[in-house]
Structures are given as structure tokens and as C-alpha cells.
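Structure first, then comments.
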Amino acid sequence: MLAMWQDEAVYRHILGRPSTGSETWSRLLRYIGHWTALGFGYWVIEDRHTGLFLGEAGFADFRRDMDPPLGPAPEAGWALVPSGHGRGLATEVVLAAHVWMDAHNTQDHTFCILDPEHRASRRIAEKCGYRHAYNTTIAGGPTSVIKRISAVAI
């Protein structure tokens, strides 16, 4: 996990800088806390054949400092190690995560926030049903907020 969050191909559009060991540890604890406190969170993505760590994907409520706030709807997110990029893995995992969330979410929608320049993640999100909601700024950088209506709400 630490190696992934220190790889420029991963952090470039998400954090804008490498994650420290302490930040990565806090991220892991935050993921565990989401499951305990909210009943949803992030999953580890492993290679089916080797069991190697490929990344993480899931949902969170980060209570981000942004205007307007996302509110109580879960925020989808994902990150894969560079060897997992371009293979369709993220789309497969994120679609599966949404099937789970549609069955367990009390909200009728989820959000995702993206760097407007991150075309690969935008394509994944669009394949999962996300559509542009509005633009905002987070930590001084431009951010696209996209929204997906739950399959059970349709």
C-alpha cells in the first residue's frame, strides 16, 4: 500500500505528492474505521492468481472541506498499482463495488470527486454510471464532482 501511494503514476491526480508512511497508515486505519462506524469502506484488490496487492477501491465519508459539501452520500474511490493500469481491472472492481453498495446503501446516490485532468478515472466512473454534477476546489486545486444514481433508486 505504501509503495502504491508513493508511486507518481498513482498520486499525481489524487494527492499531488507521495504519501508518507504515517499518512498511509492513517489511511488504512480510516478504511477500517469506515467499516466499523458506517458499514461500508474500502476493499483490498488482489491478483486472483498470485494474491499480490493491486490496489484498493470502495466508499468513504471523508467529510471533505469543500463547498458545497457532499453530505451523507458515500464517496467512491479507487487506486491501483501501475501494473494494474490499462487492463480493465479498475472498471471490473468498481462495478462490483457498486453492485454491493446498491444493495447496502441507504442513500439513493453516490459521489466521486476527480481531478478534471484524470481522463482514465473519468472513463471508469462514466462506465459505472457517474455523470458530471458540478465543479469545485479542494485543497486549492480544481475538482470535478460527479454523481451516480443507485440502480435500486432508478
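The values are calculated or read from the model by the stated rules, or taken from the named source; none is laboratory data. The structure presented is a predicted model; accordingly, all values stated were derived computationally and were not measured. Methodologically, a virtual Cβ is constructed for each residue, glycine included, from the backbone with ideal geometry; neighbour enumeration extends over all protein chains shown. Please note that ligands, DNA and RNA were not included when accessible areas were found on the heavy atoms of the full protein model with its side chains. Shrake-Rupley method; radii C 1.70, N 1.55, O 1.52, S 1.80 Å.
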> How many residues are open to solvent by 80 Å² or more (accessible area, probe 1.4 Å), assigned to a loop (DSSP other than H, G, I, E, B) and acidic (Asp, Glu) when one looks only at region 6-48?
Replying inline: 0
>> Taking the criterion of being touching a Lys or Arg at 6+ places or on another chain (Cβ under 8 Å) and modelled with pLDDT under 95, would at least one residue in region 77-89 satisfy it?
In response: no
> Does region 37-49 contain any residue that is more than 17 Å from ALA76 (Cβ to Cβ) and of a type in the set (Ser, Thr, Tyr)?
Replying inline: no
> What is the residue count in region 55-66 for residues that are touching a residue at least 12 places away in the same chain (Cβ under 8 Å) and open to solvent by 60 Å² or more (accessible area, probe 1.4 Å)?
Replying inline: 2
